[in-house]
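What follows is a set of notes on a single structure, which appears directly below.
The values are calculated or read from the model by the stated rules, or taken from the named source; none is laboratory data. In this text, all values refer to a predicted model and were calculated from it rather than measured experimentally. Please note: Cβ atoms are built from the backbone with ideal geometry, for glycine as well, and neighbour counts cover all protein chains shown. Surface accessibility is based on the protein's heavy atoms, side chains included, excluding ligands, DNA and RNA. Shrake-Rupley method; radii C 1.70, N 1.55, O 1.52, S 1.80 Å.
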Amino acid sequence: MSTTFIQMLRAAEVSGEPIIIDGGLGTALESRGIDLRHELWSAALLRDSPDTLAEVHADFIRAGARIVTTASYQATPLGFERASISAEEGRGLIVTSVEVAARTGAALVAGSVGPYGAAIGNGAEYTGDYSLSDAEFTDFHRSRIEALVSAGADLLAIETQPSLPEARVLADLAAEFGIPAWLSVTLADGHHMADGTPLIDLAEAVVGSPMIRALGVNCVRPSLVSPALKALASATDLPLIAYPNSGETYDAAAMEWRDGAAFDSNPTTLSSWVSSGARIIGGCCRTTPGDIAGLVASARELSRASSPD
């Protein structure tokens, strides 16, 4: 399974054409009238309506996504406990997240691993305002990663990470389980992680991590992507990844996104991200299959423009 993702990355490095991944799973579900304002977020559909999840994954694949992420971002021991779900049942739901995403067989499946901050439910994934020991981070994340690997995920999407200590632990767990991963973080600004860590320090911290195959940002304002990519590119040769949100702001108390904005998928923006080292590009919260189709169209336009007559 690891060879497929690695080969895909190598091909993108040679061609310069980015790998387009999926967009906002939760957004696509909410567009169907599903209320996700609870502890399990999209993971609740693994129990209540897996067929709906499969339909949403298929929508992104039809839009051109080559990698889809599982509905396991919020599937954590803390969330399961709050929802009165046993550890055994919770593991089964995580396994289901991979099986549901893999149904079409048309894309790679990235097992989503969100941060501890997401389970707190107060928006801490955008601030990094929490502190656990390495052992506590390991205990929190190990069971989910084990279940994702056992279920056959092609790679891990270690995403929306605000904290350098937590990111280091997750990189170590990916190495322990021998599964390739991308690591993407949230930002305080264009040069710092949400917890204030310089992006250059993040890049230097994961240089020796054998399973971290791409590094970048997600669920950030699109305007922060270019400076963040340039900062990372100055400190690492790893392929970079960017999948921002639409530019809206998350209200953790109301569990709602505010201040509308349009996702930018035009060729000029895409070209600037690719020029800065992005080899994997997609969307996060508030982005739709239509937005991903726009990215695919822009990528094809850039490819045509760069091909010799």
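Summary table below
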quantity: R0 of 22 Å, Cβ-Cβ distance D172-D201: FRET efficiency to nearest 0.05; calculated: 0.85
quantity: Accessible surface, the chain, averaged per residue in Å² (probe 1.4 Å); calculated: 39 Å²
quantity: Net dipole in debye of region 1-92 [+1 Lys, Arg Cβ; -1 Asp, Glu Cβ; about Cα centre; nearest 20]; calculated: 180 debye
quantity: Cβ-Cβ FRET estimate between I6 and S303, R0 fixed at 25 Å, reported to 0.05; calculated: 0.70
quantity: Region 184-242 and region 272-309: distance between their alpha carbon centers, rounded to Å; calculated: 19 Å
quantity: Counted charge near E176, where neighbours are those whose Cβ lies closer than 12 Å (Asp, Glu -1; Lys, Arg +1); calculated: -1
quantity: Local electrostatic count at G117 - Lys and Arg +1, Asp and Glu -1, tallied over other residues with Cβ under 10 Å; calculated: -4
quantity: Cβ-defined net charge surrounding L148, 15 Å radius [Lys, Arg +1; Asp, Glu -1]; calculated: -2
quantity: Within region 96-120: backbone nitrogen closer than 15 Å to the S150 label point (7 Å, Cα to C-beta); calculated: 96-99
quantity: Rounded to the nearest 20 debye, dipole of the chain from Cβ charges on Lys, Arg, Asp, Glu; calculated: 720 debye
quantity: Contour excess over end-to-end distance, with Cα ends at N266 and S223 and 0.36 nm allotted per residue; calculated: 14.1 nm
quantity: Share antiparallel - DSSP beta bridges, the chain, percent rounded to 5; calculated: 20 percent
quantity: Fraction of accessible area attributable to carbon and sulfur, region 122-258 (%, probe 1.4 Å); calculated: 47 percent
quantity: Label assignment, mean projected area of the Cα convex hull in nm² derived from the structure, set (i) 14.2; (ii) 18.6; (iii) 21.3; calculated: (i)
quantity: Extension gain, D51 back to S31 (0.36 nm per residue minus Cα-Cα distance, nm); calculated: 5.6 nm
quantity: Accessible carbon and sulfur surface of region 1-84 relative to its total accessible area, %, 1.4 Å; calculated: 45 percent
quantity: Packing rank of 19-32, 149-162, where each peptide gets the mean count of other beta carbons within 10 Å, highest leading; calculated: 149-162, 19-32
quantity: Protection-proxy order for peptides 236-244, 202-210, 271-279, each taking the mean of Cβ atoms within 10 Å per residue, highest first; calculated: 236-244, 271-279, 202-210
quantity: Net charge dipole size for region 19-178 [Lys, Arg +1 and Asp, Glu -1 on Cβ; Debye, nearest 20]; calculated: 360 debye
